[in-house]
1. Filter the range 1-21 down to residues that are over 12 Å from Ala76 (Cβ atoms) and buried (at least 21 other Cβ atoms within 10 Å of the Cβ), then give me how many there are.
2. Among the residues of the range 96-103, is there at least one that is acidic (Asp, Glu) and surrounded by fewer than 16 Cβ atoms within 10 Å (Cβ to Cβ)?
3. From Gly126, Gly57, grab the single residue that is in contact with a strand residue (DSSP E or B) (Cβ under 9 Å, 6 or more places away or on another chain) and either in a loop (DSSP other than H, G, I, E, B) or modelled with pLDDT under 95 (or both).
4. For Gly30, state whether it is closer than 16 Å to Gly127 by Cα, among the small types (Gly, Ala, Ser), surrounded by 16 or more Cβ atoms within 10 Å (Cβ to Cβ) and touching a residue at least 12 places away in the same chain (Cβ under 8 Å).
5. Kindly provide the set of residues from the range 132-145 that are assigned to a loop (DSSP other than H, G, I, E, B) and in contact with a strand residue (DSSP E or B) (Cβ under 6 Å, 6 or more places away or on another chain), ordered by number.
6. Scan the range 77-90 and give yes if some residue there is in contact with a Leu (Cβ under 7 Å, 6 or more places away or on another chain), crowded, with 24+ Cβ neighbours inside 10 Å and closer than 30 Å to Glu152 by Cβ, otherwise no.
7. Would you be able to tell me the number of residues in the range 60-91 that are closer than 30 Å to Leu117 by Cβ and either of a type outside the set (S, T, N, Q) or in a helix (DSSP H, G or I) (or both)?
8. Of all helices (runs of 4 or more DSSP H) completely enclosed by the range 146-224, which ones contain at least 3 residues that are at pLDDT 95 or above and either in contact with a His (Cβ under 9 Å, 6 or more places away or on another chain) or among the small types (Gly, Ala, Ser) (or both)?
Amino acid sequence: MSLSGKTALVIGAGGLGGPALLTLAAAGVGKLLLVEDDAVETSNLNRQPLFKEADLGQRKAGAAAARLRALFPSIAVDARDLRFDADNALELVGAADVVVDGSDNFATKFLANDAALRAHKPLVHGGILRTTAQLLTVAPAGIGGCLRCLFEEPPPTGAVPSCAEAGVLGATAGFAGALMGAEALRLLAGERGAYEGRLFTYEARSARGRLVLVRRRPGCAACVGTQPLESSAPAACAAIAGSAGSGDAA
């Protein structure tokens, strides 16, 4: 199946978004809509493959777009140097066939969850913290639940350390981002997502993975598209702790 007519929205071009973007571009996805509002820092280089030392200080959106266009000149890259927030979420999500959330804070992740469900678009969620990676696919009218079925509200600001404070194993980010890209390709090809309604957690130190079924929570406003959209917050290393919530081991 040709993917040249498909559009993927990727939120963030860092440790998760970068590998996902490379995976999507290499597979021939026709248009990549990239949203990123940060600048390249030295601490990014261990896990963000779209950037090099010469990019330090540059805006990530522009640097990522330039790298992708150089590697894959046939791919259309629409890079937006802005924060994904409640004012632009529905417009951005509505322009895509699939949403890949590689953001670095819980508020943005919950906003992406809520906007994708309201717009009836599939969402691939990913998170990393230290040596742990996780994925969850949220599908409109799918069989499983969403992020708010696990936790009704994101953790308060400061409850989770930033990537700089906690540290991130670069290989963990690359592994998770590539899996997110592969999952998005499945969805764009019309297949059911491998992680639809299933939270996949991988711990790099022990090389162990775990799948937890995510059930729809009765009364979940996000699942029926009525959850109010709220703007995002400052960065943190965003990974849902453990397997809490409405889940069962698979």
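1. 13
2. The answer is no; no qualifying residue exists.
3. Of Gly126, Gly57, the one residue that is in contact with a strand residue (DSSP E or B) (Cβ under 9 Å, 6 or more places away or on another chain) and either in a loop (DSSP other than H, G, I, E, B) or modelled with pLDDT under 95 (or both) is Gly57.
4. Details: closer than 16 Å to Gly127 by Cα: no; among the small types (Gly, Ala, Ser): yes; surrounded by 16 or more Cβ atoms within 10 Å (Cβ to Cβ): yes; touching a residue at least 12 places away in the same chain (Cβ under 8 Å): yes.
For Gly30, the condition - closer than 16 Å to Gly127 by Cα, among the small types (Gly, Ala, Ser), surrounded by 16 or more Cβ atoms within 10 Å (Cβ to Cβ) and touching a residue at least 12 places away in the same chain (Cβ under 8 Å) - is not met.
5. The answer is Ala139, Gly142, Gly144, Gly145.
6. yes
7. 21
8. Per the criteria, 170-188.
The values are calculated or read from the model by the stated rules, or taken from the named source; none is laboratory data. All values derive from a computational prediction rather than experimental measurement. Cβ coordinates were reconstructed from backbone atoms using ideal geometry, including for glycine residues, and neighbour counts include every protein chain displayed.
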